[in-house]
């Protein structure tokens, strides 16, 4: 990039970021495990990204073009992300679990110029027919109507491309509303000093040590939370160990084998880890762990306490969305204030507003609004939706909660999930935390269903753990457990058992699908 190497010995004084590490320390390990067996240094990783840029430009793509990709957890994901970033193109990471029809909807909504698909995810009749695409690339095997990755990069050089400009991604929501929602931000500044300062803020905020340690990637790499932390770790100079898919014991094996120091997980992974037999949990050394960050879905306090009892006070929480990060709960603060999702990060103010937009007092529940120092995002091609979530510069993710006297945020629930029974607000997350503590419960969704007298009544829809079967006795146990810990008006009046609940791979429940079953035929 034309910037001279600043001589320094301490990691905090070095230039951080993949491109600068690749220049200054090309032999630094960047990838030490991947499902395909590929391992890379920073110099090798940067070279593969450069090849992709040259290949895309040779096919007519340019700065500002949108490129969507549906790739599995593996090494390819890394150099495609980096190539799109340094070329000034805008990337869309697609959930590989989406159907071809859903992917086509995203392509058309976004106006994508290219699609990159691993051959195992191809629904070719649907995706190949999507209009407006200049280029279709297949990874790992042939797809009719697609060019191969090998043909794209061919004899392309690994040299630094000319006219580099940093492209920011477009993030599509996980789709619980059933409608495409694309979060677009302004361009990332190209000034390396600004980027380096941002990376140092990230490292200090989460205590990721520059040029030290290993980051475990065990969640879906298409997911925004997972991406934020493995790219943060990589830009800090930490080597990545990538799992193809989450496996509880496999996770422990890798923590011990690679002396993993940092990781990102979602609460459902914690639950599966905790349900390993005691002898399996005791078999592996996890003492290398320093920071394990979780987000994406509420984590029941009992689950978090058990994880800290096992792994030590290394469990961090971050609250926000792809629209913007908002708060961090460090382990010692969470232990002092159980249930908090943290205090506002630098440059963000958290406000609790009533329905009229007035700010409420500490301890009073209201709508959670996040006010950044400067506007951060818009919903692409949807000014009405953008306006609907904003009050001035502040925006909401749809959560309800309160701030305590020290400025720590506590969430009650999603506003749209709140149950109103007899005119009283009931927050399902509170009930779900109790039901989940029963050993028979693998997963639960608490929803409001039609009730002629009360408007809504509370229902728990439960997925059972292995070894348990539905019964009237178990239904009674779960209801009684809630009555022991909660006011009776909050407790489920009925329990339904299901083989599986509809969840995203990050642990978010598709409650809309469950509610629709009960409300479809309800009187208007």
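Just so it is clear, none of the values below were taken in a lab; they were calculated from the coordinates. The structure presented is a predicted model; accordingly, all values stated were derived computationally and were not measured. Methodologically, a virtual Cβ is constructed for each residue, glycine included, from the backbone with ideal geometry; neighbour enumeration extends over all protein chains shown.
Look at the Cα gyration tensor of the range 38-88: its axes a ≥ b ≥ c give a/c of at least 1.5 with a/b at or below b/c, and that counts as oblate.
Taking the longest Cα principal axis of the chain as reference, the axis of helix 224-235 is set at about 40 degrees.
Here the range 335-397 and the range 226-248 have alpha carbon centers that stand 29 Å from each other. According to the calculation over all Cα-Cα pairs in the range 15-188, the P(r) per 5 Å bin from zero is 1, 9, 17, 21, 21, 16, 10, 4, 1, 0 %. Model label sites at residue 354 and residue 245, defined 7 Å from Cα along the beta-carbon direction, differ in position by 5.1 nm.
Helical content of the chain, expressed as a calculated mean residue ellipticity at 222 nm, amounts to -9000 deg cm²/dmol (DSSP H runs of 4 or more residues, -39,500 (n - 2.57) each, divided by residue number, nearest 500). Taking the C-alpha atoms only, the angle from helix 248-258 to the longest principal axis of the chain is near 40 degrees.
For the peptides 269-278, 109-118, the ranking by mean Cβ contacts within 10 Å, running from highest to lowest, is 109-118, 269-278.
Which entry is the computed Rg/Rh (Cα atoms, Kirkwood Rh) for this structure: [x] 1.02; [y] 0.97; [z] 1.05? Checking each listed value against the structure points to [y]. Within the range 451-483, name every residue whose backbone N is under 17 Å away from a label modeled 7 Å from Cα of residue 513 along the Cβ vector. From the range 451-483, the list is 461-464.
In a fully extended conformation the segment linking residue 162 and residue 39 would gain 41.6 nm over its present Cα-Cα distance, using 0.36 nm per residue. DSSP beta bridges fully contained in the range 15-188 are about 25 percent antiparallel. Taking the convex hull of the alpha carbon positions in the range 418-519 and averaging its projected area over all directions gives 6.4 nm².
Relative to the longest principal axis of the Cα atoms of the chain, the long axis of helix 192-206 lies at roughly 40 degrees.
Averaging Cα coordinates gives a centre for the range 35-86 and one for the range 141-169; these two points are 7 Å apart. Ranked by the mean number of other Cβ atoms within 10 Å of their residues, highest first, the peptides 438-451, 349-362 come out as 438-451, 349-362.
Relative contact order for the range 15-188 using alpha-carbon pairs under 8 Å, separation at least 6, rounded to a whole percent? 22 percent.
Averaged over residues, the count of other Cβ atoms within 10 Å places the peptides 88-94, 137-143 in the sequence 88-94, 137-143, highest first.
Fully extending the segment from residue 62 to residue 385, taken as 0.36 nm per residue of separation minus the present Cα-Cα distance, adds 113.4 nm.
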